[in-house]
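To keep things clear, I will list the structure first and then write my remarks on it.
The values are calculated or read from the model by the stated rules, or taken from the named source; none is laboratory data. Given the structure is predicted, the values throughout are model-derived calculations rather than measurements. Cβ placement follows ideal geometry from the backbone for every residue including glycine, while neighbour counts extend to all protein chains displayed. Ligands, DNA and RNA are stripped out before the accessible areas are found, and what is left, the full protein with its side chains, is counted by its heavy atoms. Shrake-Rupley method; radii C 1.70, N 1.55, O 1.52, S 1.80 Å.
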Amino acid sequence: MKAAIYARKSTDDKGTAHDDKSVEQQRRQTIDFIGDKGWTLDPEHVFVDDGISGGEWQKRPALLKLMEAARAGDFNVLVMRDFNRLGRDTVRNPVFISELTELGIEIWFSDTGEHLLYETPADKGMVGMRSTFGEQHRYESSKLSHGKAKDLWAQGRNFGGRVY
């Protein structure tokens, strides 16, 4: 099997050593998983979006390249650390997964060893629910961040970015 990897993290790990970055940990874990399965991995099929939200779908260069490679038949199994690396969108996740499975690409998660199935109505319902939970997490995190920023602003304190 020819494998590809997709890794994503929404916040940038600036100031973190390269080996400690979340996307680097995801890359190492998925490479180990692929090796354990006996699959092959072309280094050109390691796709990483670092510092990009799971709610963003148009401006994720690595995800767009991954889809080009998938449509070209360059790999037949996609490995991600977990389901939420794909994205946090109730509608777009199932569309993406549907297209990959229609192309004959299997989706696996290295943290659990799970092979994501998208065949039966129950499989599709589970993907929908997992996508909804991911989007809810993104919504709640955003609400908390905005509330914290508002509180800091009211106190006259900086709530992000550089102060000049």
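Limited to segment 94-105, what total is found for residues that are part of a loop (DSSP other than H, G, I, E, B) and loosely packed, with under 13 Cβ neighbours inside 10 Å?
Number of matching residues: 1.
Is there a residue being loosely packed, with under 12 Cβ neighbours inside 10 Å, farther than 19 Å from Lys9 by Cβ and either of a type outside the set (A, V, I, L, M, F, W, C) or modelled with pLDDT under 95 (or both) anywhere in segment 131-141?
Looking for residues that are loosely packed, with under 12 Cβ neighbours inside 10 Å, farther than 19 Å from Lys9 by Cβ and either of a type outside the set (A, V, I, L, M, F, W, C) or modelled with pLDDT under 95 (or both), one finds none in segment 131-141, hence no.
Among the residues of segment 54-90, write down those that are within 22 Å of Glu24 (Cβ to Cβ), part of a helix (DSSP H, G or I), without any contact (Cβ under 8 Å) to a residue 60 or more places away in the chain and open to solvent by less than 50 Å² (accessible area, probe 1.4 Å).
If the condition is that a residue be within 22 Å of Glu24 (Cβ to Cβ), part of a helix (DSSP H, G or I), without any contact (Cβ under 8 Å) to a residue 60 or more places away in the chain and open to solvent by less than 50 Å² (accessible area, probe 1.4 Å), then Ala62, Leu63, Phe83, Asn84 are the ones that fit.
This table checks each residue for (1) polar (S, T, N, Q); (2) outside any loop (DSSP other than H, G, I, E, B); (3) at pLDDT 75 or above; (4) open to solvent by 80 Å² or more (accessible area, probe 1.4 Å).
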residue: Ile107; (1), (2), (3), (4): no, yes, yes, no
residue: Thr112; (1), (2), (3), (4): yes, no, yes, yes
residue: Tyr118; (1), (2), (3), (4): no, no, yes, no
residue: Leu144; (1), (2), (3), (4): no, yes, no, yes
residue: Gly147; (1), (2), (3), (4): no, yes, no, no
residue: Tyr164; (1), (2), (3), (4): no, no, no, yes
